[in-house]
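Note sheet for the following structure.
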Amino acid sequence: MSQNLNPYEKFLEGRPAIEVIAKTPAALQSLVMKADAARLTSEPAPGKWSVAEILAHLADCELVFGFRLRQTVAEDNHTIQPFDQDEWATTYKKISAEQALSVFSALRDWNLGFIRNVGSSAMSKKVTHPERGAMTFQTIIETMGGHDTNHLKQVEKLLG
């Protein structure tokens, strides 16, 4: 797959995306439960997200990924709507790490069920991303996995 389609693919390091996305909530939970509130809300540098903010971002992205997956299955040649993550992040400081992780985990469980229920025939269903071009249902799952891995590494570093 071209890196242009999925800038997060490199983070998978050859691992199956479905396995990565299935394990992410538990991996995050394990890290978060060992940290106190100060470590979860501490910004690593000006303008950089805290662990709690990263978790809120993951919850927002899970909403977006779920919608994209469902639109891809429901519509032929659907065009994905991009979003400005920095604009969405303006409220993240008011969201606790626990709340964000709970929402992310519930949505991920829901989305995994959807992915498994639609089956392999959906994997090649085409969708267009205005900034990345033609993609498939499978590309979205791979994007989820790479995105997870990228942010999981950030959380590990911040809490390490």
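Any read-out appearing in this document is the output of simple, stated calculations on the displayed coordinates, not a laboratory observation. Not measured: the values here are computed from a predicted model. Methodologically, a virtual Cβ is constructed for each residue, glycine included, from the backbone with ideal geometry; neighbour enumeration extends over all protein chains shown.
Couple of notes before you dig in:
- Single residue of TRP49, TRP88 found to be surrounded by 15 or more Cβ atoms within 10 Å (Cβ to Cβ), closer than 28 Å to GLY160 by Cβ, without any contact (Cβ under 8 Å) to a residue 40 or more places away in the chain and in contact with a helix residue (DSSP H, G or I) (Cβ under 8 Å, 6 or more places away or on another chain): TRP88
Residue-by-condition table, conditions (1) without any contact (Cβ under 8 Å) to a residue 24 or more places away in the chain; (2) in contact with a Ser or Thr (Cβ under 9 Å, 6 or more places away or on another chain); (3) exposed (fewer than 13 other Cβ atoms within 10 Å of the Cβ):
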site	(1), (2), (3)
PHE114	no, no, no
PRO130	no, yes, yes
PHE137	no, yes, no
HIS151	no, yes, no
GLN154	no, no, no
GLY160	yes, no, yes
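- Filter pass, VAL73 being under 26 Å from PHE114 (Cβ atoms), in contact with a Lys or Arg (Cβ under 9 Å, 6 or more places away or on another chain) and either aliphatic (A, V, I, L, M) or surrounded by fewer than 20 Cβ atoms within 10 Å (Cβ to Cβ) (or both): yes
Here is a yes/no grid of residues against (1) touching a residue at least 24 places away in the same chain (Cβ under 8 Å); (2) within 14 Å of ASP148 (Cβ to Cβ):
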| residue | (1), (2) |
| --- | --- |
| ALA27 | yes, yes |
| GLU43 | no, no |
| ALA74 | no, no |
| ASN77 | yes, no |
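- Being more than 25 Å from GLN81 (Cα to Cα) and in a helix (DSSP H, G or I) is a property that ALA26 has.
Every residue, every condition in (1) over 14 Å from THR139 (Cα atoms); (2) in contact with an Asp or Glu (Cβ under 9 Å, 6 or more places away or on another chain), yes or no:
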{"site": "LYS23", "(1), (2)": "yes, yes"}
{"site": "LYS34", "(1), (2)": "yes, no"}
{"site": "PRO44", "(1), (2)": "yes, no"}
{"site": "GLY66", "(1), (2)": "no, no"}
{"site": "GLU75", "(1), (2)": "yes, no"}
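- Residue within the range 140-152 that is within 30 Å of ALA52 (Cα to Cα) and among the small types (Gly, Ala, Ser) present: yes
Every residue, every condition in (1) in contact (Cβ under 8 Å) with a residue 60 or more places away in the chain; (2) crowded, with 19+ Cβ neighbours inside 10 Å; (3) under 16 Å from HIS151 (Cα atoms); (4) under 17 Å from the mean Cα position of the chain (by Cα), yes or no:
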| position | (1), (2), (3), (4) |
| --- | --- |
| ASN6 | yes, yes, yes, yes |
| LYS10 | yes, no, yes, yes |
| ILE18 | yes, no, no, yes |
| ALA22 | yes, no, yes, yes |
| SER30 | no, no, yes, no |
| LYS34 | yes, no, no, no |
| LEU69 | yes, yes, no, yes |
| ASP84 | no, no, no, yes |
| SER96 | no, no, no, no |
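- Qualifying position, being farther than 16 Å from SER102 by Cα, part of a helix (DSSP H, G or I) and aromatic (Phe, Trp, Tyr), among PHE83, PHE11: PHE11
- Single condition ALA100 does not satisfy, out of (1) of a type outside the set (D, E, K, R); (2) closer than 22 Å to GLU9 by Cα; (3) assigned to a helix (DSSP H, G or I): (2)
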